[in-house]
1. If residue 89 passes every condition in (1) surrounded by 18 or more Cβ atoms within 10 Å (Cβ to Cβ); (2) in contact with a Lys or Arg (Cβ under 8 Å, 6 or more places away or on another chain); (3) closer than 21 Å to residue 26 by Cβ; (4) not hydroxyl-bearing (Ser, Thr, Tyr) but one, which one does it miss?
2. Looking at region 123-148, I want the residues that are part of a helix (DSSP H, G or I) and have a partner that is of a type in the set (D, E, K, R) with Cβ atoms under 8 Å, at least 6 apart or on another chain. Which pairs are those?
3. Taking region 51-79 only, how many residues are small (Gly, Ala, Ser) and modelled with pLDDT of 95 or more?
4. Suppose we keep only residues that are out of contact with any helix residue (DSSP H, G or I) (no Cβ under 6 Å at 6 or more places or on another chain) and surrounded by fewer than 23 Cβ atoms within 10 Å (Cβ to Cβ) within region 10-22. Which one would you say is nearest to residue 128 (Cα to Cα)?
5. What is the number of the single condition among (1) surrounded by fewer than 18 Cβ atoms within 10 Å (Cβ to Cβ); (2) closer than 24 Å to residue 110 by Cβ; (3) acidic (Asp, Glu) that residue 30 does not meet?
6. Taking the conditions exactly as written (closer than 16 Å to residue 8 by Cα and either assigned to a strand (DSSP E or B) or out of contact with any helix residue (DSSP H, G or I) (no Cβ under 8 Å at 6 or more places or on another chain) (or both)), does residue 88 satisfy them or not?
7. Output yes when any residue across region 37-49 is under 18 Å from the mean Cα position of the chain (by Cα) and modelled with pLDDT of 95 or more, and no when none is.
8. Just the residues that are of a type outside the set (D, E, K, R), out of contact with any strand residue (DSSP E or B) (no Cβ under 6 Å at 6 or more places or on another chain) and touching a residue at least 60 places away in the same chain (Cβ under 8 Å), please, taken from region 17-51.
Amino acid sequence: MNIVLVGFMGTGKSAVGKLLAKKLDWQFIDVDQTIEQEVGMSISALFAQSGEPYFRDLETKAIQLVSLLEKAVISCGGGAVLRVENMEELERNGVVVCLTATPEKIYERIKHNTDRPLLAGKNPLPKIVELLKSREHYYKRCHITIDTTHLPVEEVVSLLLTEPLIASKIK
């Protein structure tokens, strides 16, 4: 059994995932980092060189592999939910948790990060709103949703550890 974190960039998937894995003494896997190591370049460079469809194909292959693991906390990129086959793989051996936040909080969290290819430009807030809206129905498929807007990482992890769907499977 795995715990899979999905959601838009800036919702806390990496921070929550690392702490959760540490508390459970499980492996932490960041799918984007796995892809970067595989291809030897950053996600933004990969987008620039080969485009989003190529990246999504690599992401699907990486998800197929990490879904085979046991006792892993898996953090997926924000768009991983866009492909049904990704969600099917992740659900097969995991509880899928969607972390959410308001567009304003997401912007606040990521505004100094220049490595976000889908948000390139001077004012990314409208793009954040647009992408959140377009992905909303994909995120609704998840087993659990937690709004991280006003929660510290430690509290999100505590909520996950006491969530009945997860607590019953990690004992």
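The values are calculated or read from the model by the stated rules, or taken from the named source; none is laboratory data. Remember, it's a predicted structure, so these values are computed and weren't measured experimentally. Cβ: placed from backbone, ideal geometry, glycine included. Neighbour counts: every protein chain shown.
1. (2)
2. 125/104
3. The total comes to 4.
4. 14
5. Going through the list (1) surrounded by fewer than 18 Cβ atoms within 10 Å (Cβ to Cβ); (2) closer than 24 Å to residue 110 by Cβ; (3) acidic (Asp, Glu), residue 30 breaks only (1).
6. Considered against the rule, which asks whether it is closer than 16 Å to residue 8 by Cα and either assigned to a strand (DSSP E or B) or out of contact with any helix residue (DSSP H, G or I) (no Cβ under 8 Å at 6 or more places or on another chain) (or both), residue 88 comes out as no.
7. Yes, the conditions are met somewhere in region 37-49.
8. Within region 17-51, 19, 24, 42, 43, 44, 47, 48 qualify.
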